[in-house]
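These notes concern the structure reproduced below.
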């Protein structure tokens with residue numbers, strides 16, 4: 001059975017069980033069973049997936065797990081959210097999306113995300129969180145360094161190239177860096193024409 005099908009079945013089943021809790025006369029017992037089921041779902045559904053054409057490398061995806069956690073949070077009072085998120089963070093310490101929701105201190109998030117860039121260097125979401133935290137803290141030099149490291153690990157990721165181009169163009173970096181980026185991008189074979197409408201820009205430049 002395909003993983004997406006398994007995930008959909010889990011979500012549908014969790015919604016069904018929660019609806020039974022709402023209409024139950026013994027809500028405490030039913031909700032405990034629902035919580036146990038959520039925990040079982042999070043533990044049994046994998047987060048690591050093999051990278052195509054590689055037997056040693058894996059990529060990590062917490063999207064489904066975060067969706068389940070978000071649904072679970074919608075079923076409990078807001079006063080319990082912080083404690084619940086803390087518990088899930090202890091179960092999934094390398095889940096950046098969960099850390100982003102739980103951590104209120106950007107400095108802590110920055111350090112945590114930076115650590116993840118070494119532990120899971122092929123996860124685009126982690127690089128984006130690390131860069132966003134550094135941008136928030138106005139660490140322009142570190143942002144530039146993070147983009148360099150990210151593109152070494154994910155050289156064919158057009159989104160990263162586009163984001164760095166926009167960062168340099170917005171004044172976050174140096175003009176020389178911006179001038180060097182497009183040739184580097186073309187050198188590795190990534191086209192940004194569609195993302196940045198570079199063809200239109202070139203045409204307008206020639207007309208001038």
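The values are calculated or read from the model by the stated rules, or taken from the named source; none is laboratory data. Predicted, not measured: the structure shown is a model, and the values here were computed from it. Backbone-built Cβ (ideal geometry, glycine too); neighbour counts: all protein chains shown.
Key figures for this structure:
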| quantity | calculated |
| --- | --- |
| Of all residues making up region 114-129, the number that are in contact with a helix residue (DSSP H, G or I) (Cβ under 7 Å, 6 or more places away or on another chain) and over 21 Å from residue 49 (Cβ atoms) | 1 |
| Which numbered condition residue 64 fails, given (1) in the same structural domain as residue 154 (by TED's automatic domain parsing); (2) at pLDDT 85 or above | (1) |
| Subset of region 1-29 [under 28 Å from residue 63 (Cβ atoms) and at pLDDT below 90] | 1, 2, 3, 4, 20, 21, 22 |
| Conditions (1) outside the structural domain of residue 149 (by TED's automatic domain parsing); (2) in contact with a helix residue (DSSP H, G or I) (Cβ under 8 Å, 6 or more places away or on another chain); (3) over 22 Å from residue 159 (Cα atoms); (4) in a helix (DSSP H, G or I); number of the one not met by residue 90 | (2) |
| Flag for residue 69 being closer than 28 Å to residue 21 by Cβ, at pLDDT 90 or above and either out of contact with any helix residue (DSSP H, G or I) (no Cβ under 9 Å at 6 or more places or on another chain) or not in a helix (DSSP H, G or I) (or both) | no |
| Search result, residues across region 152-208 that are assigned to a loop (DSSP other than H, G, I, E, B) and at pLDDT 85 or above | 154, 155, 156, 157 |
